[in-house]
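The block underneath contains the structure these notes are about, expressed in structure tokens.
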Amino acid sequence: MKQTGIYIHIPFCIKKCPYCDFYSITDQSLKQPFVEALIREMQMVSSHPLVCDTLYFGGGTPSVLKPENIGRIIENAYELFNISTDTEITIEVNPGTVTTEKLKGYQGVGINRINIGVQSFNDEFLDFLGRIHSTNDANRTIKWARKAGFDNIGIDLIYGIPGQTKKTWLSDLQRAIEFEPEHLSCYMLTYEKGTPLDRERRQGRFKPVADSLLSELFETTIEYLTAHSYVQYEISNFAKNASKISRHNMKYWSFSPYMGFGPSAHSFIEPRRYWNCRSVKKYIENIKEGRVAIEEKEILSKEQRMMEMVYLGLRKTEGIDIDAIDENLGINFRQIFTEKIKQLEEDGYILPIQPKNHCMLSRKGMLFLDSIAPMFMIDDFLR
Ligand code: SF4
């Protein structure tokens, strides 16, 4: 039986970064009523029978909350749900919001994994991204986290920032690994519809990085990190060893169940997915009146399940587990896609299916995930 993850969305940020489309507000005055509502929301669904082995504080900026509040939420989760003893408990930290005492406080209330949103070790790029922190803040935060006793530290970086070159990106990677983090996430800057950065791009206010350079930076990332003993386990994610992969994020890519709490948080208990409203005020009001804050629910069709299992599976270096997909959908994946698999394998986009009976992208294939995944969607076979 797959174990469940708990995701807690903390919807507050000090300032909105122009590239970000996650739900958060900058008005901090609702923090305390939000924490009370969150605990109440957890109590409302506490009859959930599944065993949970990850608890993830994301956002927004979870590190705007004091350790006491994070501690209360963790305590309640332990009281209300069936949480295993070796649960991975992660908090995302923005370097502009913590002190050494705060990090020690998080460690004291049970956080055992910390993910630091460094994004870049270059102040000019941080400025472009509209971050509230400087390179110095990032350096200090990583050192403080180690000193506080964290032995599972993740660093998030962004590449593809206008003005970036292979040289400046390599210098970011080098700086990151000097801290010997257990985990590294390297995300490509994307222009999400409706964000201020996307508007500026459309207005021609800056020149985005060329596609050819983006591909080069992607390949450079894999080459550099694998040469320094990091294992790539997902397109953008690398770990020092198998025990340091993000157990929580793996649930999203492995079609495992998760429960989300807080505004905009999504939950998935196969075959159902549902998500909360994107408004702190509405969320608090609903919960106060004894109603859950779910905005919409859907039951995934066979086609949707197929699409997600293929798309998410291909993101992982271990690929799609063909036995699992066959069992879940009652199909014969290899038989249906014999020709496609043969062609993609010959062209070097996927690796040999055997011996594991997994369909895995090659490094070259990873650059074309968005074109390759739809090749495995044939509705007719699912009816
Ligand atoms: S701090 Fe993080 S969540 Fe908040 S706006 Fe910036 S990128 Fe988005």
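What the table below lists for this structure:
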| read-out | value |
| --- | --- |
| Test: residue in the stretch 342-358 that is in contact (Cβ under 8 Å) with a residue 12 or more places away in the chain and within 21 Å of N249 (Cα to Cα) | yes |
| Near pairs, Cβ below 9 angstrom, 6+ apart or cross-chain, from the stretch 93-118 (on the phi > 0 side of the Ramachandran plot) to any residue that is of a type in the set (V, I, T) and away from the ligand (no atom under 12 Å from the Cβ) | G110/I70; G110/I74; G110/T87; G110/I89 |
| Residue match in the stretch 180-188 (condition: in contact with a Leu (Cβ under 6 Å, 6 or more places away or on another chain) and among the small types (G, A, S)) | no |
| Any hit, the stretch 64-80, residues being closer than 28 Å to M1 by Cα, within 22 Å of the chain's Cα centre (by Cα) and among the acidic types (D, E) | no |
| First in the stretch 57-79 and under 16 Å from S24 (Cβ atoms), second anywhere and more than 13 Å from the ligand (Cβ to nearest atom) and of a type in the set (F, W, Y), Cβ under 7 Å, 6 or more apart | G58/Y7 |
| Single residue of I25, I6 found to be within 16 Å of the ligand (Cβ to nearest atom) and under 23 Å from the mean Cα position of the chain (by Cα) | I25 |
| From G58, G71, residue being away from the ligand (no atom under 16 Å from the Cβ) and either under 26 Å from I116 (Cβ atoms) or touching a Lys or Arg at 6+ places or on another chain (Cβ under 9 Å) (or both) | G71 |
| Qualifying helices (runs of 4 or more DSSP H) (wholly inside the stretch 10-118; at least 2 residues being aliphatic (A, V, I, L, M), closer than 30 Å to E289 by Cα and in the same structural domain as C186 (by TED's automatic domain parsing)) | 31-44, 67-80 |
| Selected residue [crowded, with 24+ Cβ neighbours inside 10 Å and farther than 19 Å from H248 by Cα] from P95, P18, P67 | P95 |
| Residue in the stretch 81-101 that is nearest to the chain's Cα centre (by Cα), counting only those that are among the hydroxyl-bearing types (S, T, Y) and within 16 Å of the ligand (Cβ to nearest atom) | T90 |
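The values are calculated or read from the model by the stated rules, or taken from the named source; none is laboratory data. Since we're looking at a predicted model, the values are computed, not measured. FYI the Cβ positions are ideal-geometry reconstructions off the backbone, even for glycines, and counts take in every protein chain you see.
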